[in-house]
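The values are calculated or read from the model by the stated rules, or taken from the named source; none is laboratory data. Because the structure is a prediction, the values reported are computed rather than measured. All Cβ positions, even for glycine, are placed from backbone atoms using ideal geometry, and neighbour counts span all protein chains on display. To get the accessible areas, we keep the full protein, side chains included, count just its heavy atoms, and leave off ligands, DNA and RNA. Shrake-Rupley method; radii C 1.70, N 1.55, O 1.52, S 1.80 Å.
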Amino acid sequence: MKKVSKLGPKAFEQAAGFLRIREAENPLDSSAVHPESYKIVYAIADDLKCSVSDLVHNANISKLVDIRKYVTDTVGVPTLTDILDELAKPGRDPRQQFEAIRFLDDVKTLEDVKPGMKLPGIITNITAFGVFVDIGVHQDGLVHISQLADRFVKNPTDVVKVHQKVSVTVLEVDVKRRRISLSMKKQKE
């Protein structure tokens, strides 16, 4: 990677943390530990009088290490905690589990959307005037701020967040202009 033109030291440092080399000579090369942090892992191994390989997949490592000992001006407790977590469970995905939304099978195009329909959706964007919701028809619908709740909403982020699953009611569909007006208010039955 270092031989790639215009890939400087900082870009390499950032990119290398996402690179995994399976069955590498150095066990850290197949982990999410960034190369600039390898020296910390080597110091931990030296202090524990073990090899780096002994640290990998060691679920008890966080109990064995006083991370405050390894804090520097450039490496803090959060980074050290991440390093120990990665050593304990290499290859883990630190992101929260993503839960896919199931759209209605019979609503696939804008033309399938009709006023009054109740549809599942997921919030894709939040603006000052409302939120955009993916309802599975390749055209997000808009829930105007006045339609977000059965109460006054000053700021949409007080009520919803991006990627939140929601249930919406279709208020209006303008196929020609490709616009869908939605509501999250509880509809009277």
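Quote the FRET efficiency, to the nearest 0.05, computed for Ser5 versus Arg151 with a Förster distance R0 of 41 Å and r equal to the Cβ-Cβ distance. According to the calculation, E is roughly 0.10. Of all lysines in the structure, those lying under 17 Å Cα to Cα from Lys89, and not within fewer than 8 positions of it along the same chain, are Lys63. With respect to the chain, whose longest principal axis is taken over its alpha-carbon atoms, helix 38-48 is tilted by about 60°. The list (1) 24.9, 71; (2) 27.6, 84; (3) 15.7, 48 gives values of Rg and Dmax of the Cα atoms in Å, and only one came from this structure; which label was calculated from it? Given (1) 24.9, 71; (2) 27.6, 84; (3) 15.7, 48, the structure-derived one carries the label (1). Once the Cα-Cα distance is subtracted from the 0.36 nm per residue extended length, the Ser51 to Glu111 segment shows a gain of 15.3 nm. Per residue, the chain exposes an accessible area of 68 Å² to a 1.4 Å probe, with every protein chain left in place. Seen against the Cα atoms of the chain and their longest principal axis, helix 77-88 is set at about 80 degrees. Structure note, pairs Lys118/Lys165; Lys114/Lys165; Lys165/Lys186; Lys49/Lys69; Lys108/Lys186; Lys161/Lys185: Cα-Cα distances above 18 angstrom occur for Lys114/Lys165; Lys108/Lys186.
Suppose every Lys and Arg Cβ carries +1 and every Asp and Glu Cβ carries -1, with no other charges. What dipole size does the chain come out with about its Cα centre, to the nearest 20 debye?
640 debye
Using just the C-alpha positions of region 110-157 as equal point scatterers, what log10 of I(q)/I(0) does the Debye formula give at each q in 0.13, 0.17, 0.20 1/Å? For the requested q values the scattering log ratios are -0.31, -0.52, -0.69. Taking the three principal axes of the alpha carbon atoms in region 113-189, the coordinate ranges are 31, 28, 20 Å, sorted in descending order. Split the accessible area of the chain by element, probe 1.4 Å, and carbon with sulfur accounts for 53%. Remark on region 9-88: hydrodynamic radius 12.9 angstrom, per the Kirkwood mean of 1/r across alpha carbon pairs. Between Ile101 and Thr124, the modelled labels are 1.0 nm apart [label points 7 Å from Cα along Cα→Cβ]. For Glu172, the amide hydrogen comes within under 5 Å of the amide hydrogens of Ser181, counting only partners 5 or more places away or on other chains and with H modelled in the peptide plane.
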